[in-house]
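K.L.:
Shown below is the structure under consideration.
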Amino acid sequence: MPEFGKNKHKDYSAFDNMSTEMLEDILRADSQLPINEDSDNEAILYIMEVIAKREKEHPTGRFQDGHQAWESFSENYLPFIEDDKSLYDFEDDFAEEQTGIKYLPSTIPFQSHKKSILSRVVFVTAAVIALLFASTVTASAFGFNLWGAVAQWTRDTFGFSTTASISEDSEQKDSANRLQNELNQYGITTALAPTWYPDGYSLENIDVAETPARTTFIATFDNNGQEILITIVAMTDSPNRVYEKDGDDVTVYSVNQIKHYIMTNLDNINVVWATENYECSISGVLSLKDAEKMIDSIYERNSS
Amino acid sequence: MGLNDNQRRAIDELYQNMFNPLSAYAQSALNDRTLAEEAVQDTFRIACARADKLLSSPNPKGWLLNALKYVIQNMVRSRAYLNSIFISSLDFDENIILEEADVPDPDVDLLYSDLSVGEDYKLIKKIALDRYSMLEAAQELGISIEACKKRVQRAKRRLKKRLEEKN
């Protein structure tokens, strides 16, 4: 595990199990955010270090040798530190007024926004990827390129359309129902959202990302910094999924004739299931018992 | 404005630790290894210029990442802008669809051959059309990146003036 983030309250270990290409997609998506847009720099730094660590362990030559780079820096760039502007920042530039370029400000604060669009992207991506690749459920066994679908999804992050902020005082039960209510507003009446959550968790926000191919709902439930993420992806077309497990650390929990695959990754539990044209997941630090109780709660409304 | 020993040591350590992670970010953003490397080097150059700010930051790595983001954004947009004004300044036949790769070097050179600052325009062409990094262009001309930046700046001013006169 990279050094950065070790002492942080968030667990970024899911990134350790993603492919380098996937991580690069996340970095690319982050780089395309407007400069003042919220970005989870802690997560981004972690990802950067995962890639660098892999390169160190299995060199591909993608990075210049550090010593050579330092020599070039000392020879070519270090003598030029009187100018604290970017090489491409031309003081008399008229580009800014015409193109909206914002040049390097006098101060560069370290920004760490706890809740951001990107954090939604990376954590949900992490959840989905972790359950695919950190577990023994193989991607190819899904019967379609979910890996590719996820990668494509990260490119669609600009489609985030609405965010419903929920006050911290909301009652837990009301919080739990909010997600299903949000789904209902999009015409989704299938029971997909849990109505029970472990004590202390309340809904923090719901992000909805719409693209032509899918609508993604991401609900974050928070309990003093611990998060449970519920992801529901409504696909335009129903892919022909084949789920398969080939290991012992995947538990299949069937409720309402729907198979829910429960996987553990360190302290995290990831649950994934599919029904109709919906892909759903639950991710968080949970006990197996609580995970099963959350799953049960999805369907209780139907049986009551 | 130079670095004291402590600043040099601290930045050296940051460089060793962060060159590759920052390169990973820059390569993902720019999809060009040479330009990515320049973005990271430029970030550390700025870090040296603002060493007091960097080293007093509660999170120097985060500071560097934010600096890199600004550098990348400046680089992308400024290069696109250079490209745009350079292309606009070319008096091509309206029916010619201009593609970067299709710009015939001799035509461009001929177009500016009547200018006393032909070398500067060649420099702009290398940056804007040929995707040279500032360092590559500087090395080819046998000048420093500081001089190269000033030349690009000057050439751009002249291009602007030329465009205004044309309009």
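K.L.:
Can you tell me which residue in the range B:84-95 is modelled with the highest pLDDT, limited to those that are part of a helix (DSSP H, G or I) and not β-branched (V, I, T)?
P.N.:
In this case the residue turns out to be B:S84.
Conditions (1) surrounded by fewer than 18 Cβ atoms within 10 Å (Cβ to Cβ); (2) at pLDDT 75 or above; (3) more than 9 Å from chain B (Cβ to nearest Cβ); (4) over 31 Å from the mean Cα position of the chain (by Cα), marked per residue:
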residue	(1), (2), (3), (4)
A:L27	no, yes, no, no
A:D38	yes, no, yes, no
A:L45	no, yes, no, no
A:E71	yes, yes, yes, yes
A:S74	yes, yes, yes, yes
A:S106	yes, no, no, yes
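K.L.:
With the requirement that a residue be within 21 Å of B:P60 (Cβ to Cβ), small (G, A, S) and touching a helix residue (DSSP H, G or I) at 6+ places or on another chain (Cβ under 8 Å), what does the range A:35-91 give you?
P.N.:
A:S39, A:A43, A:A52, A:G66, A:A69, A:S86
Conditions (1) in a helix (DSSP H, G or I); (2) within 16 Å of B:K125 (Cα to Cα); (3) more than 7 Å from chain A (Cβ to nearest Cβ); (4) of a type in the set (S, T, N, Q), marked per residue:
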site	(1), (2), (3), (4)
B:I46	yes, no, no, no
B:G62	yes, no, no, no
B:Q73	yes, no, no, yes
B:S78	yes, yes, no, yes
B:L82	yes, yes, yes, no
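K.L.:
So for the range B:113-121 (the condition being closer than 21 Å to A:D83 by Cβ and modelled with pLDDT of 50 or more), does at least one residue qualify?
P.N.:
The answer is yes, given that some residue of the range B:113-121 is closer than 21 Å to A:D83 by Cβ and modelled with pLDDT of 50 or more.
K.L.:
Which residues, counting only those in the range A:189-207, are touching a residue at least 40 places away in the same chain (Cβ under 8 Å) and touching a strand residue (DSSP E or B) at 6+ places or on another chain (Cβ under 6 Å)?
P.N.:
A:L192, A:Y197, A:E204, A:N205, A:I206, A:D207
K.L.:
Does the range A:16-44 hold any residues that are of a type in the set (A, V, I, L, M) and touching a Gly at 6+ places or on another chain (Cβ under 7 Å), and which are they?
P.N.:
Once the filter is applied, which keeps residues that are of a type in the set (A, V, I, L, M) and touching a Gly at 6+ places or on another chain (Cβ under 7 Å), the range A:16-44 yields nothing.
K.L.:
Here's a follow-up. Filter the range A:51-69 down to the residues that are crowded, with 23+ Cβ neighbours inside 10 Å and in a helix (DSSP H, G or I) and list them by number.
P.N.:
Residue satisfying the conditions is A:I51 alone.
The values are calculated or read from the model by the stated rules, or taken from the named source; none is laboratory data. Since the model is a prediction, treat every value here as computed from it, not as a measurement. Ideal geometry is used to build each Cβ from the backbone, glycine not excepted, and the neighbour counts take in all protein chains shown.
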